[in-house]
1. Of all residues in region 110-162, count the ones that are in a helix (DSSP H, G or I), of a type in the set (G, A, S) and closer than 28 Å to L53 by Cβ.
2. Scan region 26-42 and give yes if some residue there is free of Cβ contacts under 8 Å to residues at least 60 places away in the same chain and over 24 Å from R144 (Cα atoms), otherwise no.
3. Please specify each residue of region 1-42 satisfying the condition of being β-branched (V, I, T) and either under 30 Å from S94 (Cβ atoms) or modelled with pLDDT under 95 (or both).
4. Which condition number does I145 fail, the rest of (1) without any contact (Cβ under 8 Å) to a residue 60 or more places away in the chain; (2) surrounded by fewer than 19 Cβ atoms within 10 Å (Cβ to Cβ); (3) closer than 21 Å to G33 by Cα; (4) among the hydrophobic types (A, V, I, L, M, F, W, C) being met?
5. The conditions are (1) within 13 Å of the chain's Cα centre (by Cα); (2) over 20 Å from C28 (Cα atoms), and A141 fails exactly one of them. Which is it?
6. Would you check if A182 is part of a helix (DSSP H, G or I), among the aliphatic types (A, V, I, L, M) and either over 19 Å from the mean Cα position of the chain (by Cα) or exposed (fewer than 15 other Cβ atoms within 10 Å of the Cβ) (or both)?
7. Report whether or not F160 is closer than 18 Å to G33 by Cβ and in contact (Cβ under 8 Å) with a residue 12 or more places away in the chain.
8. Within 17 Å of the chain's Cα centre (by Cα), exposed (fewer than 12 other Cβ atoms within 10 Å of the Cβ) and assigned to a helix (DSSP H, G or I), is that true of L26?
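The values are calculated or read from the model by the stated rules, or taken from the named source; none is laboratory data. These numbers come from a predicted model, not from an experiment. All Cβ positions, glycine included, derive from the backbone under ideal geometry; neighbour counts span all protein chains shown.
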Amino acid sequence: MAEHAKSVDMAAERSGIRRRAAAAFLLCAVVLGVATLWLPEQIELPRETAPRLAFAARASLLVMLWVAVGVGMVSTIRRYSAPDNPGSAFAPPSERLKVPLAFLQNTLEQATMTSVAFLALATVDGDAPLGFIMGAVVLFAAGRITFLRGYPLGATGRAFGMAMTALPTLAAFAWILIDICADLTRGAV
């Protein structure tokens, strides 16, 4: 691992990360735009707070399934790998376990933020936030797949998947903060 770090051209790596993140941004903008504007016209979405929160909780469950995928990958390797079987408290991970373990950790972090964002976004009035949640679920899944596939290729390889996973959550946070500020200016909070 240290050998790999020494051979990385950081300027090229940063450039590759920016290009892939920009591509993910464009894809996210299209998917979330369609989901926010078109899906609410096609699907009856809940209007009351409790059903909206239930909608967000169910969407969060779809996100958490990716945590379960990561747990399954790690536990399967540990079950069949003598060096990894004792667990992380007793030995560092084997080469075979390192990428699945990193995938699990990153997915858990992303899923936690995304699930909280979904619940908060479900409290914003209108159908658009729920359409956004549906689009974000699709992007989360695609982001996790491309992140895992690109992980062995380094930061540039995982950048597209990472951005596709994180950008919808960041956009949801921004939307929620704007809504909170609007409520404060109206005295509605």
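1. Filtering region 110-162 down to residues in a helix (DSSP H, G or I) leaves 110-121, 128-153, 155-162.
Now drop any that are not of a type in the set (G, A, S), which leaves 111, 115, 117, 120, 128, 131, 135-136, 141-143, 150, 155, 157, 159, 161.
Still in the list and also closer than 28 Å to L53 by Cβ: 111, 115, 117, 120, 128, 131, 135-136, 141-143.
So the answer is 11.
2. Of all residues in region 26-42, those free of Cβ contacts under 8 Å to residues at least 60 places away in the same chain come to 26, 29-30, 33, 41-42.
Then drop every residue that is not over 24 Å from R144 (Cα atoms), which leaves 41-42.
Within region 26-42, one or more residues are free of Cβ contacts under 8 Å to residues at least 60 places away in the same chain and over 24 Å from R144 (Cα atoms).
3. Here is the first cut: in region 1-42, the ones β-branched (V, I, T) are 8, 17, 30-31, 34, 36.
Selection gives V8, I17.
4. (3)
5. (2)
6. Working: part of a helix (DSSP H, G or I): yes; among the aliphatic types (A, V, I, L, M): yes; either over 19 Å from the mean Cα position of the chain (by Cα) or exposed (fewer than 15 other Cβ atoms within 10 Å of the Cβ) (or both): yes.
Criteria met by A182.
7. Values: closer than 18 Å to G33 by Cβ: no; in contact (Cβ under 8 Å) with a residue 12 or more places away in the chain: yes.
So F160 does not fit the description; no.
8. On the way: within 17 Å of the chain's Cα centre (by Cα): yes; exposed (fewer than 12 other Cβ atoms within 10 Å of the Cβ): yes; assigned to a helix (DSSP H, G or I): yes.
In short, yes.
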